[in-house]
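A quick write-up on the structure given underneath.
The values are calculated or read from the model by the stated rules, or taken from the named source; none is laboratory data. None of these values were measured; they are calculated from a predicted model. Glycine also receives a Cβ, built like all others from the backbone with ideal geometry; neighbour counts cover every protein chain displayed.
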Amino acid sequence: MNQDRPYTQTIEAFGYRCRVGRRADDLPTIKQAHVMAGIAAGLTQKEIAKLRGVSPATVKSASETIYAWLKAQRAADAVAKAMRRGWIAPLALALMLADLHGISMRHRPPTRTRQPITCSSRVGRRDLGSVLA
């Protein structure tokens, strides 16, 4: 292997193409690239952990390392800086296909937490009669 060229590899995760390599080459590791792609795709840390088969604490520590490395305060800032550095890029084909079918890749459907309340026109009441009768 040539020492002049850095070791780089390209992987695909969560709809993003990611460049990975060594920390000395100023590139994220494979684990960090998967976490960054998951964050860019709009997934929570728990969802990334479940899909990757790791602990949520592992994803949290990887994301904190990425934030510190990029000097980012929040996820959106980290994703923007990672894209500027060329670490991640969205897969154009996935975005075009989703747009053609009217599917938004970043939308999560709302979850219903309350049961719908139904009203009826008839009200059952027991106090219509006389107490003394």
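Below are the figures for this structure:
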read-out: Filter pass, Gly53 being loosely packed, with under 13 Cβ neighbours inside 10 Å, within 17 Å of the chain's Cα centre (by Cα), modelled with pLDDT of 65 or more and closer than 27 Å to Tyr7 by Cα; value: yes
read-out: Filtered residue count, segment 60-90, keeping only those that are within 17 Å of the chain's Cα centre (by Cα), exposed (fewer than 13 other Cβ atoms within 10 Å of the Cβ) and of a type in the set (Lys, Arg); value: 1
